[in-house]
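The values are calculated or read from the model by the stated rules, or taken from the named source; none is laboratory data. Just so it is clear, the model here is predicted, and its values are computed rather than measured. All Cβ positions, glycine included, derive from the backbone under ideal geometry; neighbour counts span all protein chains shown. Just the protein is used for accessible areas: all its heavy atoms, side chains included, with ligands, DNA and RNA removed. Shrake-Rupley method; radii C 1.70, N 1.55, O 1.52, S 1.80 Å.
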Amino acid sequence: GWTYPSVKTVWFNKGNFDPRKDSGIVGTICHEHMHKIGYGHSSAKSYASVPYAVGTICSEIYLDMKKNGKILN
């Protein structure tokens, strides 16, 4: 996905999503929303940044909740 702090839109490339890996979708949404509130990273490969960290944490929380029956399939 991608967005810019100056616009209201967040774009997602659905072709990159594996429908069996919904945790990746959750992580991408969280990542892009970090950009909306102003966090960035120096490049698309800059994994040591707030957007990537928050996206990873959201994905892990989602997986844990799903494993523990808190999210239905």
Query raised in the report: Identify, please: which residue in region 1-22 is outside any loop (DSSP other than H, G, I, E, B) and charged (D, E, K, R) and is, among those, least open to solvent (accessible area, probe 1.4 Å)?
Result: Asp22
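Yes/no per residue for (1) hydroxyl-bearing (Ser, Thr, Tyr); (2) open to solvent by 40 Å² or more (accessible area, probe 1.4 Å); (3) part of a loop (DSSP other than H, G, I, E, B):
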{"position": "Gly24", "(1), (2), (3)": "no, no, no"}
{"position": "Gly38", "(1), (2), (3)": "no, yes, yes"}
{"position": "Ala53", "(1), (2), (3)": "no, yes, no"}
{"position": "Lys66", "(1), (2), (3)": "no, yes, no"}
Query raised in the report: If the Cβ limit is 6 Å and pairs must be 6+ apart or interchain, which residue in region 27-43 that is more than 15 Å from Ser6 (Cβ to Cβ) pairs with which residue that is modelled with pLDDT under 90?
Result: Thr28/Gly1
Report task. Scan Ile71, Ile57 and give me the residue that is open to solvent by less than 100 Å² (accessible area, probe 1.4 Å), in contact with a helix residue (DSSP H, G or I) (Cβ under 8 Å, 6 or more places away or on another chain) and not in a helix (DSSP H, G or I). Result -> Ile71
Query raised in the report: Taking Gly27 and the conditions (1) more than 23 Å from Lys66 (Cα to Cα); (2) in contact with a Ser or Thr (Cβ under 7 Å, 6 or more places away or on another chain), which numbered condition does it fall short on, given that it satisfies the others?
Result: (1)
